[in-house]
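Quick notes on the structure that follows.
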Amino acid sequence: MKRRKFLYGTAAAGIAGLAGCMGGDGDGGGTTDDGGNGGNGGDGTADDGGNGDGGEQNLSLRVGTSAGGTQDVGLAVERAVSQASDILDYSTIESPGYIGTIYRMAQNQFNAGITDNNSLNKALDGRGRFAEQPVDRIPQYGFGAFPYSIYVVARDGTGIETFDDLAGANVYPAEPGYSTRATTLDVWSQDPTADVYEEMTIENMGVGDAPGAMEEGTIDASIAYGTPGVRYTGFVQEMASRVDLHYVEPTDALIESAESYSGAGTTRTDYEDWQIAGTDIGTDEVFTWDLQVNYTFNPEANPDAVYELCRVVHEHNDLVNEGEAQFNDYDSAEEMLAYAQERIPVHPGAVQYYKDNDAWDDSLEEGETA
């Protein structure tokens, strides 16, 4: 696609005319996973931007955000908006995990939220928690925020070298309720890796107990995850500081399973650029399945507000990254669509931004406004 720098000052004139003016996370220092806890509850309704004084429209987004690493990203975006936009009011609203955010957005408690593709796909298909408590709708895609990339490490001396060796081993896929755990088990439990998964002994302890259990020999292997090139979640760093770990090589079956699962992406990353606490795990590259975390918006969200937020995170990406390096580093508007899926509509405000930047993908579906 043709790329060009978007000159917002001139192109925004049309928008101005329309607008009237124009999980649960854990350790605050790391990127612990946003759990799949959620459900209903909470007060308040979404503010989709009302009319201000003098007939001018107040562009407003209330963004549901999990605690921990995801909240750090949300607050970095909020700070960037406060510095780079004088027309958008962005407020962070605490939300209980990615699945909880989907539930609360379905109830219109806020008009924007950070969630992930796996949870969105489960909501569409009525799987997992959504089998017992479905939602009438899911939010629309806006832009990718960051990935949680996942692979497996094993304790030295276990004899575990490849994914197939995990059969019969004590495996820790993170704490129950974590979205990285759910995504990992979703990948492993389908063909062609289901036979290995069925022979694993899955450990269910909290992340605070996992490093000690690894050191004592209760855990043979564990997932390692975080944001590539930035950092790992806290318990993984602690494991690596207490125990000698090595990379568990993926089999062709694992690669096939990860690449075929609709709720996750896959990535290969040079280990030199993403080391666990400076340790050598015996590989030059890691293959990961990725929990893709997105900014999403309800149909009620004002298209001009969504457009303005896309502009800020694109044109002022450096401001967001200065606040939180975990947020994606965007060199082009096309990259903001990296986590978009054909079955998840894109919010019209975001669609317009992509079209104005020659970045729109016609294979995607444009959502409807309410």
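Annotations
- If the segment from ASP252 to ALA338 were pulled out straight at 0.36 nm per residue, it would be longer than the present Cα-Cα gap by 28.5 nm.
- Only Lys, Arg (+1) and Asp, Glu (-1) charged, at Cβ; segment 213-370 dipole about Cα centre in debye: 440
- Largest first and in whole Å, the equivalent-ellipsoid semi-axes of segment 99-202 read 32, 15, 11, each the square root of five times a Cα gyration tensor eigenvalue.
- Within segment 215-285, the proportion of Cα pairs with more than 20 Å between them is 34 percent.
- Close amide H contacts of PHE143 (hydrogens built in the peptide plane, cut-off under 5 Å, sequence separation of 5 or more or a different chain): TYR295.
- Spatial separation of Cα centroids for segment 328-370 and segment 108-150, in angstrom: 17
- Among ILE102, ILE87, the order of accessible area from largest down is ILE87, ILE102, computed with a 1.4 Å probe on protein heavy atoms.
- Sparse-neighbour loop sites [GluC sites (Glu not before Pro); segment 273-370; at most 11 other C-beta within 10 Å; DSSP]: GLU342, GLU368
- With kT/(6 pi eta Rh) evaluated at 25 °C and eta = 0.890 mPa s, and Rh the Kirkwood radius from Cα pairs, segment 292-354 diffuses with a coefficient of 199 µm²/s according to Stokes-Einstein.
- Cα extents of segment 55-96 along the three principal axes, largest first (Å): 38, 19, 6
- Translational diffusion of segment 115-264, µm² s⁻¹ [Kirkwood Rh, Cα pairs; Stokes-Einstein; 20 °C; 1.002 mPa s]: 132
- With the gyration tensor restricted to C-alpha atoms of segment 175-311, the semi-axes of the equivalent ellipsoid amount to 29, 19, 17 Å, longest first.
- With N the number of residues in segment 106-157, Rg(Cα) / (2.2 N^0.38 Å) evaluates to 1.55.
- 5 Å-binned pair-distance histogram of segment 246-370 (Cα, whole percent): 2, 9, 15, 17, 17, 14, 11, 7, 5, 2, 0
- DSSP-assigned coil residues among trypsin sites (Lys or Arg not before Pro) in segment 270-355, each with at most 16 further Cβ atoms within 10 Å: ARG343
- Peptide ranges 180-193, 60-73 listed from the most packed, as the mean C-beta count within 10 angstrom indicates: 60-73, 180-193
- A Stokes-Einstein calculation at 37 °C with viscosity 0.692 mPa s, built on the Kirkwood radius of segment 75-127 over Cα pairs, returns a diffusion coefficient of 263 µm²/s.
- Here the peptides 237-243, 142-148 are ranked by packing, the mean other Cβ count within 10 Å, and the order with the highest first is 142-148, 237-243.
- Positive dipole terminus of segment 241-303, leading residue within SER257, GLY278, PHE297 (C-beta point charges): PHE297
- 3J(HN,Hα) along segment 176-182: x, x, 7, 5, 5, 5, 4 Hz, from the Karplus curve 6.51 cos²θ - 1.76 cosθ + 1.60 with θ = phi - 60°, whole Hz, x for Gly and Pro.
- Magnitude of the charge dipole, segment 165-245, Cβ model with Lys/Arg +1 and Asp/Glu -1, debye to 20: 420
The values are calculated or read from the model by the stated rules, or taken from the named source; none is laboratory data. Predicted model only: the values in this text are computed from it and were never measured. Methodologically, a virtual Cβ is constructed for each residue, glycine included, from the backbone with ideal geometry; neighbour enumeration extends over all protein chains shown. Just so you know, the surface numbers come from the protein's heavy atoms only, side chains and all, with ligands and any DNA or RNA stripped out. Shrake-Rupley method; radii C 1.70, N 1.55, O 1.52, S 1.80 Å.
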